[in-house]
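Report on the following structure.
Values quoted throughout were computed directly from the atomic coordinates according to the rules given, and no laboratory measurement underlies them. Source: prediction; values computed, not measured. Note that each Cβ is placed from the backbone with ideal geometry, even for glycine, and that neighbours are counted across all protein chains shown.
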Amino acid sequence: MCHRTLLVIIVFSLLFLSGCSEHGLPKTYPVSGEVIYNGKPVEDALVVLIPSSADGRSGSGLTDAEGQFTIFTYLSPQHQVQGALPGNYTVTVSKLEVRKVAEKELTPHEMQAAYSKLGAPKNLLPKKYADPNLSGIRTDITDSPPSHMTINITD
């Protein structure tokens, strides 16, 4: 193989590999925090950042056993990145009950019928925190984001 062909292959390989990197994606900034309800950490709560601008992207995270969460933003099917885009956000928090319908194996049709009978899952936190118009929780993400958000929920 001649040197010119080898050089062309190397250049195209490098161009291909650079197209697979995260270059070109919008910059996100780390966002983390904790959810506290009546003085206790909340496990399995969903925290959602809803952008105030129409061209923004929402971010979300799920709390662990200590009530801690980290926000991730979905940019494309190939890119869900840690952090949030810069902007103003309304924050919602919800925790849906986990229900089991049966201990035996069910067909998909039987499973759907069983869940239909149960109705919608209940939110285990006060309802207003799941509503972006009522939650009252807001945050601004800039190049110096909040180091740690503490979301205190009360009845």
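List of remarks:
- Percent of C-alpha pairs per 10 Å bin in segment 29-155, short distances first: 13, 37, 29, 17, 4, 0.
- Segment 49-91 shape via C-alpha gyration tensor axes, a/c threshold 1.5: oblate
- Neighbour net charge for Val42 - beta-carbon separation under 9 angstrom, K R +1, D E -1: -1
- Prolate/oblate/rounded label for segment 51-125 (Cα gyration tensor, a/c 1.5): prolate
- Relative contact order %, segment 44-155, counting alpha carbon pairs below 8 Å whose residues are six or more apart: 25 percent
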